[in-house]
Amino acid sequence: MPQAWPIPSDTMIVPQSPLSLRHYGASHGSHAHTHFQVLLGLDGVLELEVQGRGQRIGTGQGCVITPGERHDFEARSGSRCLVLDTTHAGWAHCPPQPAQPAHALALARYLAQAMQQTASLAQQYGPLLLLDAWRAPGPAARRYERPIDWDQLAVWTGQHLHESLHVAQLAQQVFLSSSRFAERCRRETGLSVMQWLRSQRLALALQLRDGGLSVAETARRCGYQSPSALTAALRRVRSH
């Protein structure tokens, strides 16, 4: 069931044109509406009182007045606002101020100009565009990503460590571009591709050496440039 708002007897009905450009000056007295009234400041400062709560609407600032709320306006030096009178229930869940103020202000300025033209679509599409710019954006939809089987990739890599492996070769195994694979590797493993590859070399080297394989043969199988390079790598990891 939609929320019901208390409606005073001296209310104003929604105008035929939902969007309007209004200039405010002296107060004309408090009143209420049976609909939502949305204001977005374009120029000047508008002093506003809603249900006894005061606020100021400057350029790019706004206000959502819900049905039945008594309110009064005054602009001592003049104010110009884009005003939307609407019964759209989506405004019941909007924040008091635009969630995207820069977008809302740019849109309001465009609509203010478009409304001066004949056969403009501003009245047709403007209200919904303003609602989109006002409410908080939802979470961005995550793009589907094919999972990377890192264990399977590690097995393939272990069988080819004696080769001079490159990022493109690893990326090809998981059907990704080199740049996409590099980004996924860092995000999912915390390592760059080359760091991950070095960790695979070192893990296999430790396994082979613990199994009694010679330094020279271990270096060849794991892709180290020389036995001394392997010895240095093993010394570093065993010293930590």
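Sorted fewest first by neighbouring Cβ atoms within 10 angstrom, S120, S164, S214 come out as S164, S214, S120.
Between exposed GluC sites (Glu not before Pro) in the chain, where DSSP calls loop and at most 11 other Cβ atoms lie within 10 Å, what's the longest gap? Don't jump to the answer; show the numbers that get you there.
On the way: sites that count: E145, E163.
Value returned for the longest uninterrupted segment is 1-144.
Take the Cα of R22, step 7 Å toward its Cβ, do the same at Q169, and the gap between the two points is 7.2 nm.
Size of the dipole of the chain about the Cα centre, Lys and Arg at +1 and Asp and Glu at -1 on the beta carbon, nothing else charged, in debye to 20?
Using only the charged Cβ atoms, the result is roughly 1340 debye.
Free of any trypsin sites (Lys or Arg not before Pro) that DSSP assigns to a loop and that have at most 13 other C-beta atoms within 10 Å, the longest stretch within the chain is 144-240.
Per residue, the chain reaches -12000 deg cm²/dmol at 222 nm when only DSSP H runs of four or more residues are counted, each adding -39500 (n - 2.57).
If every alpha-carbon in the chain counts as one equal scatterer, what log10 I(q)/I(0) does Debye give at q = 0.15, 0.17 1/Å? Here log10 of I(q) over I(0) equals -0.98, -1.17.
Across region 11-134, Cα-Cα distances exceeding 26 Å account for 12% of all pairs.
Computed from the Cβ-Cβ distance with R0 of 30 Å, the FRET efficiency linking Q195 to R220 stands at 0.85.
Residue separation of Y125 and R80 scaled by 0.36 nm, minus their Cα-Cα distance, works out to 14.1 nm of gained length.
Readers should treat all values here as calculations from the given coordinates under stated rules, not as data from a laboratory. In this text, all values refer to a predicted model and were calculated from it rather than measured experimentally. Virtual Cβ from ideal backbone geometry, glycine too; neighbours counted across all protein chains shown.
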